[in-house]
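The values are calculated or read from the model by the stated rules, or taken from the named source; none is laboratory data. If you're wondering where the values come from, they're calculated on a predicted model, not measured in any experiment. Here the Cβ is made from the backbone with ideal geometry for all residues, glycine too, and neighbour counts use every protein chain on show. Heavy atoms of the whole protein, side chains included, go into the accessibility calculation; ligands, DNA and RNA do not. Shrake-Rupley method; radii C 1.70, N 1.55, O 1.52, S 1.80 Å.
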Amino acid sequence: MFSGVFVRVFNEQPQFQLPDPEGYLKSLLDYLGNQAQYFASIGADGTVDPTRLKQTSMALHSVFHVLSANQAFSMQCVNSLRLLSSFFVNEHTTSEIQLNTLRIFGIVAAVQEVVLAIAQQRLLSSILLVVERLTAQEHSFFLQVLSALSSHPEIVKQFIPTGGVLYTTNLFANSTEPAVRKEAASLLAKVTH
């Protein structure tokens, strides 16, 4: 429960009007920051409590719903971007956690100030690494997020050195999904011209 709102119930009814959406979002981001630090503190041999994994995934899903309802709150995520992106590269996180994190980045990618913060914090490489754990059906969404992020020139500058062209070319060459190949070709054209 955050700011008087049950996360599970809100995730089931995301159209519910929150009494204090900004406070709820801040509470969720604080919680997720603590979770990211917890995951980072676990050694390679360590195990994570499955309840903790589920709660983290639910909190990420809730952040997605809050941002979907009001994109203006995206700026509140700026100070949490590095911690959120750590879910992409931490070996203890689940693919569900990574996908929910990618969904958040998909929402905030529409706000240029946030995209600039992603570029300044050099988070593109972490975002690119998540592609290895996504299913073939999720690759199209991954490419859409990359395309939205690459609308900022700073991200485009980082795209080649961080391996973005290689990841995208791999999806283009090896995907059996026509939509993924089309998205990949479009992204390559966007960042290399």
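For segment 35-50, enumerate the residues that are open to solvent by 40 Å² or more (accessible area, probe 1.4 Å) and closer than 19 Å to GLU96 by Cα.
Residues satisfying the conditions are GLN37, TYR38, ALA40, THR47, ASP49, PRO50.
Which members of segment 31-50 meet the condition of being of a type in the set (Gly, Ala, Ser) and at pLDDT 90 or above?
Initial filter on segment 31-50 (of a type in the set (Gly, Ala, Ser)): 33, 36, 40-41, 43-44, 46.
Within segment 31-50, GLY33, ALA36, ALA40, SER41 meet the criteria.
So which helices (runs of 4 or more DSSP H) stay within segment 108-158 end to end and still have 3 or more residues that are within 11 Å of the chain's Cα centre (by Cα) and closer than 22 Å to VAL63 by Cα? Please lay out each step first, then the result.
Details: elements: 112-120, 124-129, 139-149.
By residue number, 124-129, 139-149.
Would you confirm whether any residue within segment 97-115 is surrounded by fewer than 16 Cβ atoms within 10 Å (Cβ to Cβ), over 14 Å from GLN158 (Cβ atoms), touching a helix residue (DSSP H, G or I) at 6+ places or on another chain (Cβ under 7 Å) and hydroxyl-bearing (Ser, Thr, Tyr)?
As a first pass, look at segment 97-115 and keep what is surrounded by fewer than 16 Cβ atoms within 10 Å (Cβ to Cβ): 110, 112-113.
Within this subset, residues satisfying the condition of being over 14 Å from GLN158 (Cβ atoms) are 110, 112-113.
From the residues that got through so far, the ones that are touching a helix residue (DSSP H, G or I) at 6+ places or on another chain (Cβ under 7 Å) too are 110, 113.
Retained after the next criterion (residues that are hydroxyl-bearing (Ser, Thr, Tyr)): none.
Among the residues of segment 97-115, not one is surrounded by fewer than 16 Cβ atoms within 10 Å (Cβ to Cβ), over 14 Å from GLN158 (Cβ atoms), touching a helix residue (DSSP H, G or I) at 6+ places or on another chain (Cβ under 7 Å) and hydroxyl-bearing (Ser, Thr, Tyr), which makes the answer no.
Can you pull out the residues in segment 89-108 that are at pLDDT 95 or above and hydrophobic (A, V, I, L, M, F, W, C)?
ILE97, LEU99, LEU102, ILE104, PHE105, ILE107, VAL108
Taking into account only those residues within segment 56-80 that are among the aliphatic types (A, V, I, L, M) and out of contact with any Phe, Trp or Tyr (no Cβ under 8 Å at 6 or more places or on another chain), which is least open to solvent (accessible area, probe 1.4 Å)?
Quick first cut of segment 56-80, residues among the aliphatic types (A, V, I, L, M) only: 58-60, 63, 66-67, 69, 72, 75, 78.
Next, from what is left, pick out any that are out of contact with any Phe, Trp or Tyr (no Cβ under 8 Å at 6 or more places or on another chain): 58, 63, 69, 72, 75, 78.
Details: MET58: 48, VAL63: 0, ALA69: 85, ALA72: 78, MET75: 92, VAL78: 30 Å².
This residue is VAL63.
Residue check: is ILE97 in contact with a Cys (Cβ under 9 Å, 6 or more places away or on another chain), closer than 26 Å to PHE10 by Cβ and among the β-branched types (Val, Ile, Thr)?
Working: in contact with a Cys (Cβ under 9 Å, 6 or more places away or on another chain): no; closer than 26 Å to PHE10 by Cβ: yes; among the β-branched types (Val, Ile, Thr): yes.
So ILE97 does not fit the description; no.
Assuming ALA119 fulfils every condition listed in (1) open to solvent by less than 30 Å² (accessible area, probe 1.4 Å); (2) out of contact with any Asp or Glu (no Cβ under 7 Å at 6 or more places or on another chain); (3) within 14 Å of SER151 (Cα to Cα) apart from one, which condition is it?
Tallying (1) open to solvent by less than 30 Å² (accessible area, probe 1.4 Å); (2) out of contact with any Asp or Glu (no Cβ under 7 Å at 6 or more places or on another chain); (3) within 14 Å of SER151 (Cα to Cα), ALA119 fails exactly one: (2).
Just the residues that are β-branched (Val, Ile, Thr) and either part of a helix (DSSP H, G or I) or surrounded by 17 or more Cβ atoms within 10 Å (Cβ to Cβ) (or both), please, taken from segment 159-193. First the steps, then the outcome.
Narrowing segment 159-193 to residues β-branched (Val, Ile, Thr): 160, 162, 165, 168-169, 176, 180, 191-192.
Within segment 159-193, THR162, VAL165, THR168, THR169, VAL180, VAL191, THR192 meet the criteria.
Given LEU28, LEU18, LEU83, LEU53, which one is modelled with pLDDT of 90 or more, over 14 Å from the mean Cα position of the chain (by Cα) and open to solvent by 10 Å² or more (accessible area, probe 1.4 Å)? Give the steps one after another, and end with the answer.
Details: LEU28 fails: open to solvent by 10 Å² or more (accessible area, probe 1.4 Å); LEU18 fails: modelled with pLDDT of 90 or more; LEU83 fails: over 14 Å from the mean Cα position of the chain (by Cα).
Selected residue: LEU53, the only one of LEU28, LEU18, LEU83, LEU53 that is modelled with pLDDT of 90 or more, over 14 Å from the mean Cα position of the chain (by Cα) and open to solvent by 10 Å² or more (accessible area, probe 1.4 Å).
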